[in-house]
Amino acid sequence: MTPPSQRRRGVVTGAASGIGNAVASRMRREGVEVLAVDIDRDGLSHFEEDGCEILEADITDPEARAKVSDWAEGANYLVNSAGVILIKPIFELTIEDWRRVQAVNAEATFFLCQKVGPRLTPGGAIVNLSSSSAKLATTTEVAAYAASKTTILSVTRSFAYALAPRRVRVNAILPGIVDTPMQDEVLERVAPMRGLTAEELHDARTRLVPLGRGSSPEECAGLIWFLLSDEAAYMTGQAINFTGGLVTW
């Protein structure tokens, strides 16, 4: 049994699938007690079987964020991985579309940093999930998503300054093409808008990546774990590209 003084605890939102799922799994393998949060209860079930605590919650709800914050008192880590994407031609976006995407991706990230950050132990860390879309505007069909991910970069920098006196670090990663259900949705829905098949769009996008492939969620989780760990104790306020060379600035 791990001595109380050595226990590590962390929150992962968006844990039911994709990168969030891989991060929560990696944290468990590293011996961290995890609160896995998602609106998809079924996607969290295997974490419950693994001894994690789970919270079925819509993080756009302030009451749900309060539950996360209460659990995180004295915790070590927060990973804001929950996100939604809306695929629609840029000139057809409505204000309701815009607000729905911002509520999950940007607003919830901001307020979880605000509420949870001061409750983390000194030496703790936050990692926010941005995207290469924050820097590349070529997929205009996801403009609202891209804008929300750009906001996350600013949120990350602001809280890096605000939480530095507590020695709580805040960084972001910008994944590129990652093998997740969200990526599948982009391919399946954007391709017909461009007169392509999903396979043709996938191949065209992959050709732009210098390393010639996408990444796995587990690879992203490896970078996130590094940023959470003491190995990155001198890093805060950073936005780390994870794009196979697609983005280098």
Next on the checklist: Just to check your reading of the model, which residue among SER17, SER69, SER45 is modelled with pLDDT of 95 or more, of a type in the set (Ser, Thr, Tyr) and within 24 Å of GLU218 (Cα to Cα)?
Outcome noted: SER17
Next on the checklist: Here's a check for you: in region 120-143, which residue that is within 20 Å of ALA24 (Cα to Cα) and not hydroxyl-bearing (Ser, Thr, Tyr) is surrounded by the fewest Cβ atoms within 10 Å (Cβ to Cβ)?
Outcome noted: GLY123
Next on the checklist: Can you tell me which residue is surrounded by the fewest Cβ atoms within 10 Å (Cβ to Cβ) among those in region 205-224 that are closer than 23 Å to ALA137 by Cβ and of a type in the set (S, T, N, Q)?
Outcome noted: THR206
Item to check | For SER17: the one exception among (1) crowded, with 23+ Cβ neighbours inside 10 Å; (2) of a type outside the set (Lys, Arg); (3) farther than 16 Å from VAL127 by Cβ; (4) touching a Pro at 6+ places or on another chain (Cβ under 7 Å) | outcome: (1)
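Results for (1) aliphatic (A, V, I, L, M); (2) touching a residue at least 60 places away in the same chain (Cβ under 8 Å), shown as yes or no for each residue.
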| site | (1), (2) |
| --- | --- |
| MET27 | yes, yes |
| GLU30 | no, yes |
| LEU35 | yes, no |
| ASP40 | no, no |
| GLU49 | no, no |
| ILE54 | yes, no |
| ASP61 | no, no |
| LYS67 | no, no |
Item to check | Condition met for ARG205 (charged (D, E, K, R), under 22 Å from the mean Cα position of the chain (by Cα) and over 20 Å from GLY14 (Cβ atoms)) | outcome: yes
Checklist entry - How many residues does region 70-83 hold that are in a loop (DSSP other than H, G, I, E, B) and in contact (Cβ under 8 Å) with a residue 60 or more places away in the chain? => result 7
Checklist entry - Out of ALA146, ALA160, ALA172, ALA191, which single residue is free of Cβ contacts under 8 Å to residues at least 60 places away in the same chain, under 21 Å from SER81 (Cβ atoms), of a type in the set (Gly, Ala, Ser) and buried (at least 17 other Cβ atoms within 10 Å of the Cβ)? => result ALA146
Item to check | Residues of region 162-197 classified as under 26 Å from GLY237 (Cβ atoms) and small (Gly, Ala, Ser), total | outcome: 4
Next on the checklist: If a residue must be of a type outside the set (S, T, N, Q) and surrounded by fewer than 20 Cβ atoms within 10 Å (Cβ to Cβ), how many such residues does region 58-78 contain?
Outcome noted: 11
Next on the checklist: Need a quick list: helices (runs of 4 or more DSSP H) entirely within region 101-207 having at least 1 residues that are of a type in the set (S, T, N, Q), within 20 Å of VAL23 (Cα to Cα) and at pLDDT 95 or above.
Outcome noted: 108-116, 143-163
Item to check | region 213-239 residues that are farther than 30 Å from ASP184 by Cβ, paired with ones that are among the aromatic types (Phe, Trp, Tyr) (beta carbon under 8 Å, 6 or more apart) | outcome: ALA232/PHE226; GLY237/TYR161
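The values are calculated or read from the model by the stated rules, or taken from the named source; none is laboratory data. Not measured: the values here are computed from a predicted model. So basically every Cβ, Gly included, is an ideal-geometry build from the backbone, and we count neighbours across all protein chains shown.
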